[in-house]
Amino acid sequence: MLKKFFRKKDNGPRPEEDFVLWKAGGGEAQPEEESKTEALKMFNLPVSPKALAGHGKIIAVQGAVGGDGATTVAVNLAGLLALSNPERVVLMDLDGYGAVRSRMGLPAGECLVNILDWEDIYGPKDMARGLLNHSSGIMAVPGVIHYDQVEKVTPALVLKMLTLLKESHDYIVLDCPPAGINNNTWVASLVADIILTVFRPDRASIDLLQENNGFMHRLGCQDRVNAVLNQAGIPGGIRPGDLESRLGVNIIGILPYSPGVAEANNRRQIIVHARQRDDFTRAMQALADRMTA
Ligand SMILES: Nc1ncnc2c1ncn2[C@@H]1O[C@H](COP(=O)(O)OP(=O)(O)OP(=O)(O)O)[C@@H](O)[C@H]1O
Ligand SMILES: [Mg+2]
């Protein structure tokens, strides 16, 4: 399947039998869907998690708006999953240079492993080259080395990586930027088993959460989207009790505001490993339990 889907060079249109039609549940295309499926064939576009073989669970974490805590949730979720699945959990930074480098002590000056290493990885035996075996037990794919390389992280590259990693690892956690901007969050969402949209009890975040939901709906991903309220209880924030009834989203986790989070982040620590009694750690554990259930 991989051979068909990803080629080193795209030499234009190929014979009909060469196309891979990604369609949840498989089966023949219905006549009334012909124009849609023609479009999908053109791009070989996976349309659901079932389109990728493999046992791994892909969890895409995005913020409703920048700064909501997507990286914090992604890193700590991967950290908790890695406790019981060391070296079986991949944390992939899809947010450009990304904060994963800062959080995990992998600044570009010290760690050259990066997502573009995957451009010429085509099979399991090469994958170790593109994965950083972090002391936490997480297998990290840090972001690009320089900002101006971000455009090289294409949907095709992301889908190739996810196809390979889903066959080789148990959990693939994606630190995504907010969807809808010029980035790959949409493509990750198409194939993610679970999409976590992190938002804050903050008016702008909640307004963008509605827009995010609409976008996910248009992508056909709405059934896999779950919202995570982060920084609950932050002074001045909207109270959780005032939120839930009006949002129209499934809130799967509530993570408290905790100064310990920023402290750990600034020390390049993973708080769920460094402070097991922190309220944030306990709430993250409950969220991680939902992911493994
Ligand atoms: N529950 C929390 N309690 C306290 N501070 C938090 C909490 N969650 C995140 N923060 C802080 O909020 C800031 C933003 O968090 P983070 O970088 O994870 O957000 P993001 O959505 O990934 O942002 P970006 O859009 O820049 O990628 C960081 O300084 C982080 O330490
Ligand atoms: Mg981030």
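The values are calculated or read from the model by the stated rules, or taken from the named source; none is laboratory data. In this text, all values refer to a predicted model and were calculated from it rather than measured experimentally. For neighbour counting, all protein chains shown are included, and Cβ atoms are generated from backbone atoms with ideal geometry for every residue, glycine included.
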Checklist entry - Before we move on, is A60 touching a strand residue (DSSP E or B) at 6+ places or on another chain (Cβ under 7 Å), within 16 Å of ligand 1 (Cβ to nearest atom), assigned to a strand (DSSP E or B) and not aromatic (F, W, Y)? => result yes
Checklist entry - Taking the range 82-98 only, how many residues are away from ligand 1 (no atom under 13 Å from the Cβ) and either among the aromatic types (F, W, Y) or under 25 Å from L116 (Cβ atoms) (or both)? => result 6
Item to check | Qualifying positions in the range 214-252 - hydrophobic (A, V, I, L, M, F, W, C) and either within 23 Å of R282 (Cα to Cα) or modelled with pLDDT of 95 or more (or both) | outcome: V225, A227, V228, L229, A232, I234, I238, L243, V249, I251, I252
Checklist entry - Among the helices (runs of 4 or more DSSP H) contained in the range 222-293, which hold 3 or more residues that are within 10 Å of ligand 1 (Cβ to nearest atom) and touching a helix residue (DSSP H, G or I) at 6+ places or on another chain (Cβ under 8 Å)? => result 259-266
Checklist entry - Does T163 satisfy the condition of being among the hydroxyl-bearing types (S, T, Y), within 14 Å of ligand 1 (Cβ to nearest atom) and in the same structural domain as Y257 (by TED's automatic domain parsing)? => result no
Checklist entry - With respect to G79, is the statement that it is closer than 15 Å to L174 by Cα and either buried (at least 18 other Cβ atoms within 10 Å of the Cβ) or away from ligand 2 (no atom under 16 Å from the Cβ) (or both) true? => result yes
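Being part of a loop (DSSP other than H, G, I, E, B) and more than 20 Å from P155 (Cα to Cα), is that true of even one residue in the range 118-134? Let's see the steps before the verdict.
Filtering the range 118-134 down to residues part of a loop (DSSP other than H, G, I, E, B) leaves 121-123, 131, 134.
Those still in the list that are more than 20 Å from P155 (Cα to Cα) too: 134.
Within the range 118-134, one or more residues are part of a loop (DSSP other than H, G, I, E, B) and more than 20 Å from P155 (Cα to Cα).
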Next on the checklist: What's the number of the only condition in (1) buried (at least 16 other Cβ atoms within 10 Å of the Cβ); (2) over 18 Å from L81 (Cβ atoms); (3) within 16 Å of ligand 2 (Cβ to nearest atom) that A262 fails to meet?
Outcome noted: (1)
Item to check | So G67, is it surrounded by fewer than 22 Cβ atoms within 10 Å (Cβ to Cβ) and under 11 Å from K166 (Cβ atoms) | outcome: no
